[in-house]
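Asks: I have a structure here, written as structure tokens, and I will follow up with some questions on it.
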2 protein chains.
Amino acid sequence: MIEIDDELEFRLGEMTRKTHDMNIPVMIIIEGPPASGKSRLSNALYMALDAKYTDFVATRPPRDIDLRYPFMQRFWNHLPKAGDVNIHFRSWYAQYIEYKEAGITDNIDVDIKEISADMENFERTLDQNGYEIIKFYVNTSEEVRQKHLDKLKENPTLKWKAEEFEEHLELFDYEKEMQGFINQKQQIPWTEIDFENKNEAINTMFKTIIDTLEARVEKERTTAVERIVSDFTKYFESELFTFDFDKEKISKKDYKDILPELQLKMRDIQFQLYQHKIPLILVYEGMDAAGKGGNIKRTRQRLDPTGYTINAVSAPSDIELAHHYLWRFATDIPRSGHIGFFDRSWYGRVLVERVEGFASQKEWTQAYDEIKDFEKSLYNSGAVILKFFLSLDKDEQLERFEEREKNIEKQWKITKEDWRNRAKWDEYLEASEDMIKETDTGYAPWHIIPGNNKKYARIEVLKKIIAACEKVLNDERN
Amino acid sequence: MIEIDDELEFRLGEMTRKTHDMNIPVMIIIEGPPASGKSRLSNALYMALDAKYTDFVATRPPRDIDLRYPFMQRFWNHLPKAGDVNIHFRSWYAQYIEYKEAGITDNIDVDIKEISADMENFERTLDQNGYEIIKFYVNTSEEVRQKHLDKLKENPTLKWKAEEFEEHLELFDYEKEMQGFINQKQQIPWTEIDFENKNEAINTMFKTIIDTLEARVEKERTTAVERIVSDFTKYFESELFTFDFDKEKISKKDYKDILPELQLKMRDIQFQLYQHKIPLILVYEGMDAAGKGGNIKRTRQRLDPTGYTINAVSAPSDIELAHHYLWRFATDIPRSGHIGFFDRSWYGRVLVERVEGFASQKEWTQAYDEIKDFEKSLYNSGAVILKFFLSLDKDEQLERFEEREKNIEKQWKITKEDWRNRAKWDEYLEASEDMIKETDTGYAPWHIIPGNNKKYARIEVLKKIIAACEKVLNDERN
């Protein structure tokens, strides 16, 4: 009889203590058809790891509330932080197959084929940012699975479970779909495990994890730390943010007439989006003192506060720093029919993190695609996404800074950091131009808004939001 | 015409910047019947505060998944951290009234009258731990509310909202219930606001908040910081943890026979609890090296891993430190039908925090009642709670420490901190005895388990869990 190898179990514990100490986040995925033994396999794994940094994440059938969020939301919410281990008992693959075959889309226009690309992109961005993903498929013969089922049925308290399994088998062609994924030769490969002999299966799983983590730890040890290079043009000039600011303005009187009208319109749109279950995502970037906060304030002034959220970025907490850089935003995406304002956003990766050298060149250059993929996944789940860059010229910024320092009611708005950022004006400008050029897409377009005249900028942004939403709502009606 | 007072708005911003800087968490509750104007009132407040540290928390009708958690869970989940402001648009009061009048209990045996005491206890423990709670009741005449309703009905996109309001009025006697709470003269008083004149109402609200926060800030400035006193007996002796360890043991053979039997029984109980939607909460405390982890491991060994969670305490993160000490556990309570293991727990407040002086004497002494109230609220929501204290004698601990240091496979289990704690053996013992005496209740009893013989302790704990659950399941059946 094959026994569970104590030596393997010890080495597994040792390796995960090592990845824990080295701040490597690990995600172990266990997929398999009903009654294949994946429950016992994942339990053996769970028992072998330290509960202090292990999380067992079971993917269960979606609830109504889950369907109001992007497809990947649940997995973003459960992302392990640096050094932690997730055991995913069924994962985005099981969820994908069940959504696809049951046609679950919560009335919003989700293209299930696109979701499959979103999953690959999700794995890629995690992989590129240091997450170690290990995927198991428990591929047990039908005969053995039938034996498991029969045994379950014998137990009166577990009979319902057998029935659930049988229903699952009837509803979904899980195996065929999974074989499709496995044959695709995905970037992160699958390890197939036969559960005919339980202990042998466990040993195989342990060994695979140990080998993968050992290779990873070795790689960390031998890879030279990439030098952070700023990589900016010496004399950077850009036309992108230059406007004829004398023309891009609005009179006080016109502003007073138009603003309330647009705000009421915006309120009306909020309720229409709600009725059509369309989530709206609004991203604001721009120079310091460009008026982002005031701009957002005018847009939300007449909205129903129960229907929108604001994510206003300040310095990340230690928990946020221990996650993928998209995490603190991905977990704050509005649910369907709601509006999410992002006062600064995930673009910090290619702006402040690039300029200040918090991200390496490799990290911020790959981030363009990662961010586009992320926005695409939101779009694929039905979201309308608009991105605004409020542009200010350098003299106007100086005036606003000085005004803030003089005016007692505004002093709190200006800090040393604002002055430090101003000293890097050209770098920020270049990073902003690269960002806009690299990430301006049809599904999540950038709008550069001249910001020297605050009132003009507020009216412009409101108009753009209203126009984009009306277009989507019209399409929805036809 | 009365206008919104700009000066008040500025001072409100200033005061909340001050409480933010001083790390004071603020909760502003806005209750009021449908169409009373509380939506516009809370929006005005939301607009006046800095979005960076303000959260708008709307209490909506419960979803199925909400009903699987304790009544207060949603509010624990949304607790502001130090320096943040929550605007509660409808709160536990609205939720209470709706649960009560609709008879919502998700099949579990919730006594709604007890819940009302839980709410008071919730406010008290927050208040005692530095949370500033400000409660508004928007008390608008029926005539004015009818006007609001009529206006809503005129707008085609908002008509459904008017209908929702009318349905609410029909279903719930909200006003009468709220007047009951207001007349009770609760510890944290209500401010009533009439919305007949919108701007006057807003000014009143702003002024009340400013006055409250000013008083609080003044109090913080003038209150002397309490000296942390250890307050331990010089020569502490206890009988509570003394056992005849020669008798409290089990042979290897008996262990091998009994353990698998109890584990299977436990697995059966897990599924029965699941079917009856009863949550089970298991708390483990005890001396270092008393065998808590191994004990939990034996209990969960045969359980279905999708049906339990483990909260294993390590040092709190900065986010956890910025919340009420119960927060990181309260947000991890198992949902109905699930089991939650707590490997160390909220009792850290009266153990390590007392011994190490992280909590002041006032804080840890008041914590006994706070903890009892918290456990009572879990019990009131249908949970079975068992608490185990694994007791070890001092010599046995030394042996285990030394064994851990010698054995390469166990070295990671022993740290300098363990030795430091051992040096404070008597203090921990006294704190443990006080804890057990103060918090041993009928709804959440302590079991002191002799731990010198690990095998014996494991069998004992399993037996106690099984017996308690079988009793509850039997009552359920009758």
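Asks: Taking the Cα centre as origin and putting +1 on Lys and Arg beta-carbons and -1 on Asp and Glu beta-carbons, what dipole magnitude results for chain A, to the nearest 20 debye? Walk me through the numbers before you get to the answer.
Replies: Values: 71 positive and 90 negative charges, 410 e Å.
It comes to approximately 1960 debye.
Asks: What number, in percent, do you get for the relative contact order of segment A:6-222 if the mean sequence gap of Cα pairs under 8 Å and at least 6 apart is divided by its residue count?
Replies: Numbers: 275 pairs, mean separation 70.8, N = 217.
Relative contact order for segment A:6-222 comes out at 33 percent.
Asks: For B:Leu158, which inter-copy label distances result when the label point lies 7 Å beyond Cα on the Cα-to-Cβ vector, reported in nm to one decimal and in ascending order?
Replies: 5.8
Asks: Please compute the net charge surrounding A:Arg302, taking Lys and Arg as +1 and Asp and Glu as -1 over other residues with Cβ under 10 Å from its Cβ. Walk me through the numbers before you get to the answer.
Replies: Numbers: positive: A:Lys265, A:Arg267, A:Arg298, A:Arg300, B:Arg40; negative: A:Asp268, A:Asp304.
For residues surrounding A:Arg302, the net value is +3.
Asks: Something else about it: Between the alpha-carbon centers of segment B:189-260 and segment A:346-398, tell me the distance in whole angstrom.
Replies: Centre-to-centre distance over Cα atoms comes out at 42 Å.
Asks: Name the residue from B:Ala359, B:Leu429, B:Phe271 whose Cα lies farthest towards the positive end of the charge dipole of chain B, charges +1 on Cβ of Lys and Arg and -1 on Cβ of Asp and Glu.
Replies: Towards the positive end, the residue furthest out is B:Phe271.
Asks: Can I ask one more? What figure, in Å² to the nearest 10, do you get for the accessible area of B:Asp6 with a 1.4 Å probe and non-protein molecules left out?
Replies: Its heavy atoms expose roughly 120 Å² to the probe.
Asks: A drop of at least 30 square angstrom in accessible area, chain alone versus all protein chains together, probe 1.4 Å. Which residues of segment A:20-51 meet that?
Replies: A:Asn43, A:Tyr46, A:Met47, A:Ala51
Asks: What number, in percent, do you get for the relative contact order of segment A:24-149 if the mean sequence gap of Cα pairs under 8 Å and at least 6 apart is divided by its residue count? It would help to have the intermediate numbers written out before the result.
Replies: Numbers: 156 pairs, mean separation 61.3, N = 126.
RCO, segment A:24-149: 49 percent.
Asks: Using the heavy atoms of the protein chains alone and a 1.4 angstrom probe, what is the accessible area of chain B per residue in square angstrom? Don't skip to the answer; put the middle values down first.
Replies: Values: 21590 Å² over 478 residues.
Each residue of chain B exposes 45 Å² on average to a 1.4 Å probe.
Asks: Along the positive direction of the dipole of segment B:156-305 (beta-carbon charges: Lys, Arg +1; Asp, Glu -1; about the Cα centre), which of B:Gly291, B:Ile250, B:Thr222 reaches farthest?
Replies: B:Ile250
Asks: In addition: Total accessible area buried between chains A and B, 1.4 Å probe, in Å² to the nearest 100? Before the final figure, lay out the partial values.
Replies: On the way: alone 23690 and 23710 Å², together 43170 Å².
Answer for the A-B pair: about 4200 Å² buried.
Asks: Separate question: Given the alpha-carbon gyration tensor of the protein assembly as shown, what are the semi-axes of its equivalent ellipsoid in whole angstrom, ordered largest first, with each equal to the square root of 5 times an eigenvalue? It would help to have the intermediate numbers written out before the result.
Replies: On the way: eigenvalues 450, 254, 178 Å².
Over the Cα atoms of the protein assembly as shown, the semi-axes work out to 47, 36, 30 Å.
Asks: Then there is this: Counting each pair of different Cα atoms once, what's the Kirkwood radius of segment B:245-352 in Å, rounded to one decimal?
Replies: Working: mean 1/r = 0.0639 Å⁻¹.
This gives a value of 15.6 Å.
Asks: Let me ask something else. Put a point 7 Å out from Cα along the line to Cβ at A:Arg60; what are the distances to that point in the other copies, in nm, shortest first?
Replies: Here the equivalent label points are 2.0 nm apart from this one.
Asks: For chain A, build the charge dipole from Cβ charges (+1 Lys, Arg; -1 Asp, Glu) around the Cα centre, then report which of A:Ile414, A:Ile115, A:Val57 sits farthest towards its positive end.
Replies: Positive-end residue among those listed: A:Ile414.
Asks: Would you calculate a helix-derived [θ] at 222 nm for chain B, using -39,500 (n - 2.57) for each DSSP H run of n ≥ 4 and dividing by the full residue count, to the nearest 500?
Replies: Working: 19 runs with 246 residues, N = 478.
Dividing the helical sum by the residues of chain B leaves -16500 deg cm²/dmol.
Asks: Label-point separation (nm) for A:Tyr235 and A:Glu142, each offset 7 Å from Cα along Cα-to-Cβ?
Replies: My value for the distance between the label points is 7.5 nm.
Asks: Let me ask something else about it. Charges at C-beta only: +1 for Lys and Arg, -1 for Asp and Glu. How large is the resulting dipole of the protein assembly as shown about its Cα centre, in Debye rounded to 20?
Replies: Working: 142 positive and 180 negative charges, 7 e Å.
Dipole magnitude for the protein assembly as shown comes out near 40 debye.
Asks: What does the charge count near B:Glu396 come to, summing +1 for each Lys or Arg and -1 for each Asp or Glu among other residues with Cβ under 13 Å from its Cβ?
Replies: On the way: positive: B:Lys249, B:Lys394, B:Arg400, B:Arg404, B:Arg422, B:Lys454; negative: B:Asp246, B:Glu248, B:Asp288, B:Asp393, B:Asp395, B:Glu399, B:Glu402, B:Glu403.
So the surrounding residues net to -2.
Asks: Where a ≥ b ≥ c are the square roots of the eigenvalues of the C-alpha gyration tensor, would you call segment A:252-477 rounded, which needs a/c under 1.5, or, failing that, prolate if a/b is larger than b/c, or oblate?
Replies: Numbers: a/c = 1.75, a/b = 1.13, b/c = 1.55.
Oblate, because a/c is 1.5 or more while a/b does not exceed b/c.
Asks: Roughly speaking, to the nearest percent, how much of the protein assembly as shown's 1.4 Å accessible area is carbon and sulfur? All intermediate terms of the calculation are to be shown ahead of the outcome.
Replies: Numbers: 20030 of 43170 Å².
Solvent-exposed carbon and sulfur of the protein assembly as shown make up 46 percent of the total.
Asks: Hey, another quick one. Please list A:Thr233, B:Thr441, A:Thr331 from largest to smallest accessible area, probe radius 1.4 Å, with all protein chains kept in place.
Replies: Highest to lowest solvent-accessible surface, that is A:Thr233, A:Thr331, B:Thr441.
Asks: Here's another thing I want to ask about it. Starting from segment B:221-315, pick out the GluC sites (Glu not before Pro) whose DSSP state is loop and whose Cβ has at most 16 other Cβ atoms within 10 Å.
Replies: Numbers: sites: B:Glu226, B:Glu237, B:Glu239, B:Glu248, B:Glu261, B:Glu285; in loops: B:Glu226, B:Glu237, B:Glu239, B:Glu248.
Of the GluC sites (Glu not before Pro), the ones in loops of segment B:221-315 whose Cβ has at most 16 other Cβ atoms within 10 Å are B:Glu226, B:Glu237, B:Glu239, B:Glu248.
Asks: What percent do you get for the relative contact order of chain B when only Cα pairs under 8 Å and 6+ apart count?
Replies: Values: 686 pairs, mean separation 94.3, N = 478.
It comes to 20 percent, rounded to a whole number.
Asks: Treating only the Cα positions of segment B:1-159 as identical point scatterers, give the base-10 log of I(q)/I(0) from the Debye formula at each q in 0.20 Å⁻¹.
Replies: Results for segment B:1-159 at q = 0.20 Å⁻¹ read -1.34.
Asks: About its Cα centre, what dipole magnitude does segment A:6-222 give when the only charges are +1 on Lys and Arg Cβ and -1 on Asp and Glu Cβ, stated in debye to the nearest 20? List each step's numbers first, then the result.
Replies: Numbers: 29 positive and 42 negative charges, 111 e Å.
Roughly 540 debye for segment A:6-222.
Asks: Provide, for q = 0.07, 0.11, 0.12 Å⁻¹, the log10 of I(q)/I(0) from a solvent-free Debye sum over equal Cα point scatterers in chain A.
Replies: The calculated log intensity ratios at q = 0.07, 0.11, 0.12 Å⁻¹ are -0.45, -0.98, -1.11.
Asks: Can you list which of the GluC sites (Glu not before Pro) found in segment A:1-92 are DSSP loop residues with at most 11 other C-beta atoms within 10 Å?
Replies: Numbers: sites: A:Glu3, A:Glu7, A:Glu9, A:Glu14, A:Glu31; in loops: A:Glu3.
Here the sparse-neighbourhood loop sites are A:Glu3.
Asks: Can you compute the modelled spin-label distance between A:Asp440 and B:Tyr443, with each label point 7 Å from Cα toward Cβ, in nm?
Replies: 6.2
Asks: Report the net charge of residues surrounding A:Leu262, where surrounding means a beta-carbon distance below 11 angstrom and charges are Lys +1, Arg +1, Asp -1, Glu -1. If you can, show how the numbers build up before the last one.
Replies: Values: positive: A:Lys265, A:Arg267, A:Arg298, A:Arg302, A:Arg458, A:Lys463, A:Lys464; negative: A:Asp257, A:Glu261, A:Asp268, A:Glu460.
Residues close to A:Leu262 contribute a combined charge of +3.
The values are calculated or read from the model by the stated rules, or taken from the named source; none is laboratory data. From a predicted model like this one, the values you see are computed outputs, not experimental measurements. Don't worry about glycine lacking a Cβ; one is built from the backbone with ideal geometry, like all the others, and counts go over all protein chains shown. Areas reflect the complete protein model, heavy atoms only, side chains present, ligands, DNA and RNA absent. Shrake-Rupley method; radii C 1.70, N 1.55, O 1.52, S 1.80 Å.
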